[in-house]
Each structure stands twice: as C-alpha cells, then as structure tokens.
1. Of the numbered conditions (1) at positive phi; (2) at pLDDT 85 or above, residue 141 fails exactly one; give the number of that condition.
2. Do we have residue 163 as modelled with pLDDT under 85 and over 16 Å from residue 70 (Cα atoms) here?
3. How many of the residues in segment 74-110 are under 12 Å from residue 124 (Cα atoms) and among the hydrophobic types (A, V, I, L, M, F, W, C)?
4. Tell me which strands (runs of 3 or more DSSP E) are completely within segment 1-108 and hold 1 or more residues being hydrophobic (A, V, I, L, M, F, W, C), closer than 30 Å to residue 128 by Cβ and within 15 Å of the chain's Cα centre (by Cα), or say none if there are none.
5. Could you tell me whether residue 41 is charged (D, E, K, R) and modelled with pLDDT under 95?
6. Could you run through segment 150-196 and say how many residues are surrounded by fewer than 15 Cβ atoms within 10 Å (Cβ to Cβ) and of a type in the set (Asp, Glu)?
Amino acid sequence: MIAQLSGTVLSVRGTSTVVEVGGVGMLVQSTPATLAELRVRQEVRLHTTLVVREESLTLFGFLAESERDAFEALQSVQGVGPRLALAMLSVHAPEALSRAVADGDRKALENVPGIGAKVAARLLLELGGKLSLPDAAAPAGTTDARGQVEEALVALGWNAKAAASAVEAVATAPIAESEVPATLKAALQAMGASRG
C-alpha cells in the first residue's frame, strides 16, 4: 500500500495532479481543496491511498491526513466507492462530515451529488465510530486536553470514572489547552462541587 508520496508537481488538472517521484510521474486523484493548493514545480507531500480494482490501480492523495482517513472511512460504507467518497470530500471538509454524522444531519449528506436518502441514512448508521468528531474536527496540530481535566479532578479527590463522566457532560468537542481551566470549573460545577 502506498500511504504517502513526496515529489515535484508536474501538472495540476481539474480532478488530479501528476507528481514526479524518483523520475516517475504518479497520477494522483484528489479533491478541489488539495488541488487548489498545488503549484507546478512545487515540492509536495501527499497522504495517499491506493484503490485496487480488477481493471485498474488508482492513487488518491490529500494534503491533510484527516482527508485521507475520511476518504478511507467513507468507502467502508456499502454503496460508497472512491468516486463518491471523493465527491463527498469535495463538498464537505472532514470536519463538516464528522459533524454531520455526529448530528445525524442527513440533509447535509444529501447535498452531495449522487447521495440520496437511502445512502445518506446508511452513512449515518455505519460511520458512527469511524468518523470520530474529536479526531477529524480538531485543527491540525492540536490535541484534546480532556485527559488533563480528568487528571485534575482525580487529584481533587474524585474517582477516574466520575471524572470522565463529568468532563464528557460538559465537553463533547475536543478541549484546547487554553480551555482546560474553564472546562475544569464547569466539570466541578456539574459534579455539585463548591471548589474552583
């Protein structure tokens, strides 16, 4: 499996790019978001996945690893092939897809050409654990500081299970480092504590 490639952009087309890797021009299918960032003669690193079919080998590549991961997760749903997965990522960023799945927003999924009510319902049903909102919705380079809040609660005398439940009750999205104090205070209030 080709998971990543680095090279020089030789050309950028409507739905694909050609990247020279070790003297070989690799045709890579991608989303408009990724292609819009590429320039001819630019050095680039793409996160890729190779789709193997009886009659073809097609390489798909993305600047963001979250896009590649979402692309692979989408194809795990019955009735969604690489072309439809690519169409979905052309309409929705991984964060928007994750939010639509988390919110059960079938209409947002049906905005993608080729997705009707039946496929949208199947996507909502099957993608629950595969397009996790915290991972895909967190901006690149950020981490979820949820563990820090839980550790602080444990240090204040609560058990780990109660701490985890309290944090989950007040923060469903990833917690940034800067939000740790506010989240800790909210969790303490949710637990009926007077401290903080």
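The values are calculated or read from the model by the stated rules, or taken from the named source; none is laboratory data. Not measured: the values here are computed from a predicted model. So basically every Cβ, Gly included, is an ideal-geometry build from the backbone, and we count neighbours across all protein chains shown.
1. For residue 141, the exception is condition (2).
2. Numbers: modelled with pLDDT under 85: yes; over 16 Å from residue 70 (Cα atoms): yes.
Judged against the criteria, residue 163 is a match.
3. Residues that pass the stated criteria total 8.
4. Values: elements: 4-12, 16-21, 24-29, 43-52, 57-62.
Output list reads 57-62.
5. Values: charged (D, E, K, R): yes; modelled with pLDDT under 95: no.
Against the criterion (charged (D, E, K, R) and modelled with pLDDT under 95), residue 41 does not qualify.
6. Going through segment 150-196 one residue at a time, the tally reaches 3.
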